[in-house]
1. Quick one: go through region 5-46 and flag any residue whose amide nitrogen is under 16 Å from the point 7 Å out along the Cα-to-Cβ line of L134.
2. Does region 109-151 classify as rounded, prolate or oblate by the C-alpha gyration tensor (a ≥ b ≥ c root eigenvalues; a/c under 1.5 gives rounded; else a/b over b/c gives prolate, otherwise oblate)?
3. Which entries in K43/K117; K43/K100; K43/K94; K28/K94; K94/K117; K50/K90 show an alpha-carbon gap greater than 22 Å?
4. Tell me the label-point distance for the pair R92, T156, using the 7 Å Cα-to-Cβ offset, in nm and rounded to one decimal.
5. Assuming 0.36 nm per residue, please report the length gained on full extension of the stretch E107 to L83 beyond their Cα-Cα distance.
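Every number in this text was worked out from the coordinates using simple rules, so none of it is lab data. These numbers come from a predicted model, not from an experiment. No Cβ is skipped: glycine too gets one built from the backbone with ideal geometry, and neighbour counts run over all protein chains shown.
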Amino acid sequence: MSGANKNYRFILGYEETDDPPTRFLIDKIRAEFVNSGYTIIAKSGEEDAKARGEFDYYINILDIEYDDSASDVGSIGGGGTSLFENYILKARVKLLDNKKDLAARQELANIPIINTKRVPRDAATPREVRRNQLLPTQASELARQIYRDVSARLLTLASPQGVDRSSRNVLAPGQYSIKIVG
């Protein structure tokens with residue numbers, strides 16, 4: 001994303017867990033941000049960074065789960081001969097500013113993401129095994145979307161604050177101006 005400040009430092013907040021989808025997604029989110037030039041402060045350095053105020057934002061991972069209740073089995077094509085099933089991985093992430101006082105901390109973005117994979121039904125393979133096979137792809141796609149959504153929000157926050165919003169030339173967040181040259 002051009003224009004994004006790659007010097008931003010984040011604290012990645014999440015509850016410790018042994019749940020494989022959650023651990024895998026946390027690692028993917030961390031890698032996505034680091035590979036894109038941002039800094040994620042190591043768990044061992046978080047308390048020091050908080051005490052000194054040496055970070056810019058919190059990214060809190062609130063929920064990660066497979067939603068089996070919304071997953072369905074159906075058929076594709078004529079006669080219902082091609083059965084499929086959906087694997088739905090959901091996550092919710094919040095972007096918060098770096099205020100020390102919890103009451104003063106502002107939520108800058110609340111990002112729900114859903115990733116669905118439709119695959120041919122395999123009744124011989126347990127659902128948990130199929131889920132684990134899909135997890136690397138689904139977690140990578142969720143992490144990329146979380147990165148894109150957070151980066152987009154950071155770009156809107158970085159826009160000039162002193163601009164007169166009543167001006168007709170000012171764009172609202174999410175609007176783009178295209179100038180054709182030539």
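1. Output list for this probe position: 21-22, 25.
2. Working: a/c = 3.55, a/b = 3.03, b/c = 1.17.
Judged from the Cα gyration tensor, region 109-151 comes out prolate (a/c at least 1.5, a/b above b/c).
3. Beyond 22 Å: K43/K117; K94/K117; K50/K90.
4. 1.9
5. Values: separation 24, 0.36 × 24 = 8.64 nm, distance 4.25 nm.
Separation in residues times 0.36 nm, less the Cα-Cα distance, equals 4.4 nm.
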